[in-house]
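Worksheet: one structure, shown below.
The values are calculated or read from the model by the stated rules, or taken from the named source; none is laboratory data. The model shown is predicted, which means the values in this text are computed figures rather than measured ones. Please note: Cβ atoms are built from the backbone with ideal geometry, for glycine as well, and neighbour counts cover all protein chains shown.
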Amino acid sequence: MADFQSVFGAAPAGVWAAPGRVNLIGEHTDYNDGFVLPVALPHAARATARRRDDGVLRLFSEQGDGGVTELRVADLAPGTVEGWAAYPAAVVWALREAGHQVGGADLHFDSDVPSGAGLSSSAALECVVATAYRDLYELPLTAADLALTAQRAENAFVGVPCGVMDQMASMCCVDGSALFLDTRDLTQRQVPLDLAGQGLRLLVIDTRVKHDLGDGAYAELRAGCERAAALLGLPALRDLPPVGLDSALDRLPAELRPLVRHVVTEDVRVERAVALLDAGDLAGLGPILTAGHASLRDDFRVSCPETDLAVAVAVAAGALGARMTGGGFGGSVLALVPAPALDHVAAAVTTAFTAEGWAAPRTFAAVPAAGARRLG
Ligand code: GAF
């Protein structure tokens with residue numbers, strides 16, 4: 001642990017935090033202008049920071065290789081920064097691209113969001129930089145403005161064509177609630193999620209199969225969805241009403257039909273989930289989660305043997321429902337579990353992984369936490 005003073009030789013101006021997230025339901029809907037329902041995790045990226053007025057950006061991460069990355073803000077351009085440092089650099093670049101007069105900073109990062117686990121460690125890093133810069137440079141930007149800037153940073157600088165869910169979750173979630181977000185116009189509503197009051201827990205199972213959104217599969221899925229919408233003459237798949245699904249599928253090439261079926265049915269699942277939460281029926285969420293997983297496995301095809309097994313074993317061991325969460329191709333599973341069954345479900349999944357010869361998953365109970373904020 002190297003503190004800010006010992007790394008940068010000066011005192012910091014403050015400390016900021018931005019959380020990772022787990023998405024309850026609404027997967028691969030955000031880049032289709034659809035609905036999502038994420039929850040912020042207590043796990044967060046923290047940045048200790050000070051402003052610099054010489055145009056130099058210095059970056060250090062407790063999770064890095066021990067070195068300081070030094071960059072000139074004026075020279076930042078897509079493709080010029082590699083590895084984890086690309087994410088903070090991207091946000092500074094995107095703020096300048098948007099016309100904000102921002103310069104350098106010293107930034108010391110420490111994150112406990114598991115990386116590559118589908119829990120938005122990248123968005124947490126982007127959002128903590130955006131939030132620190134807002135305060136250091138007194139930028140008149142809302143949380144949603146900062147989320148959009150962070151998304152643009154990831155799209156245009158890092159080169160990952162992600163939607164806006166992860167950045168909005170990291171910026172806008174509040175303690176104790178899920179964020180019901182319409183990704184078309186960013187209309188949002190906090191939906192209280194009193195898990196403890198209903199004797200429930202959200203078990204996160206990190207399969208330790210690293211997922212990487214930059215490897216092309218995510219971009220292909222997004223392109224497929226956009227092609228389907230164009231063929232149907234729609235601005236986005238969000239605009240396809242569920243009642244018109246079957247006839248729309250008949251008009252599409254076979255390889256696009258399952259993608260469209262997933263997106264349209266997933267939007268319906270999000271709306272049903274919100275209705276259940278509004279009615280105080282959290283347990284009713286279980287079958288929706290499991291149906292969402294089947295759709296991601298069979299139609300969207302982004303699950304993998306580890307997430308499929310974790311879901312099946314969790315449900316067999318007493319979870320009310322379970323699904324993979326995040327982009328897929330590995331990452332984490334989310335299970336809704338009666339509180340007394342929490343340890344039993346986690347142990348059953350671990351035993352099943354061991355029997356397959358796989359590394360034991362990392363498990364923890366997620367408590368809905370707050371979005372990005374200044375800590376001190
Ligand atoms: C990743 C992306 F970054 C999000 O925008 C979203 O598309 C998600 O995968 C799938 O729902 O986390």
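Quick notes
- Within segment 161-187, the set of residues being without any contact (Cβ under 8 Å) to a residue 12 or more places away in the chain and of a type outside the set (Ser, Thr, Tyr) comprises Asp185 only.
- Asp194 being touching a residue at least 24 places away in the same chain (Cβ under 8 Å), under 24 Å from the mean Cα position of the chain (by Cα) and surrounded by fewer than 21 Cβ atoms within 10 Å (Cβ to Cβ): yes
- Residues in segment 165-210 that are more than 14 Å from the ligand (Cβ to nearest atom) and under 27 Å from Ala348 (Cα atoms): 17 in all.
- Gly357 out of contact with any strand residue (DSSP E or B) (no Cβ under 9 Å at 6 or more places or on another chain), surrounded by 15 or more Cβ atoms within 10 Å (Cβ to Cβ) and within 18 Å of Lys210 (Cα to Cα): no
- Residues satisfying the stated conditions in segment 145-160, i.e. in contact (Cβ under 8 Å) with a residue 24 or more places away in the chain, more than 14 Å from the ligand (Cβ to nearest atom) and not hydroxyl-bearing (Ser, Thr, Tyr): Leu146, Ala156, Phe157
- Pairs where the first residue, in segment 106-131, is within 11 Å of Arg21 (Cα to Cα) and the second is surrounded by fewer than 24 Cβ atoms within 10 Å (Cβ to Cβ) and of a type in the set (Lys, Arg), C-beta under 7 Å, 6+ apart: Pro114/Arg362
- Any hit, segment 271-278, residues being without any contact (Cβ under 8 Å) to a residue 40 or more places away in the chain, of a type in the set (Lys, Arg) and either in a strand (DSSP E or B) or under 23 Å from Leu200 (Cα atoms) (or both): yes
- Test: residue in segment 7-23 that is assigned to a strand (DSSP E or B), of a type in the set (D, E, K, R), in contact (Cβ under 8 Å) with a residue 40 or more places away in the chain and within 16 Å of the ligand (Cβ to nearest atom): yes
- Verdict on Leu256 being farther than 16 Å from Val204 by Cα and part of a helix (DSSP H, G or I): yes
- Residue match in segment 42-57 (condition: assigned to a helix (DSSP H, G or I) and within 16 Å of the ligand (Cβ to nearest atom)): no
- Taken together, Asp250, Asp239 contain a single residue that is away from the ligand (no atom under 14 Å from the Cβ), touching a residue at least 12 places away in the same chain (Cβ under 8 Å), farther than 29 Å from Ala117 by Cα and not assigned by TED's automatic domain parsing to the domain that holds Met165, which is Asp239.
- Within segment 348-376, residues that are farther than 24 Å from Pro192 by Cα sit with their Cβ atoms under 6 Å from residues that are of a type in the set (Val, Ile, Thr) and in a strand (DSSP E or B), at 6+ positions apart or across chains, in these pairs: Val349/Ile205; Pro361/Ile205; Gly376/Val15.
- Tallying residues that are surrounded by 20 or more Cβ atoms within 10 Å (Cβ to Cβ) and either charged (D, E, K, R) or modelled with pLDDT under 95 (or both) within segment 64-109 yields 1.
- Each residue in segment 206-231 was checked for being crowded, with 18+ Cβ neighbours inside 10 Å and of a type in the set (A, V, I, L, M), and 5 of them qualify.
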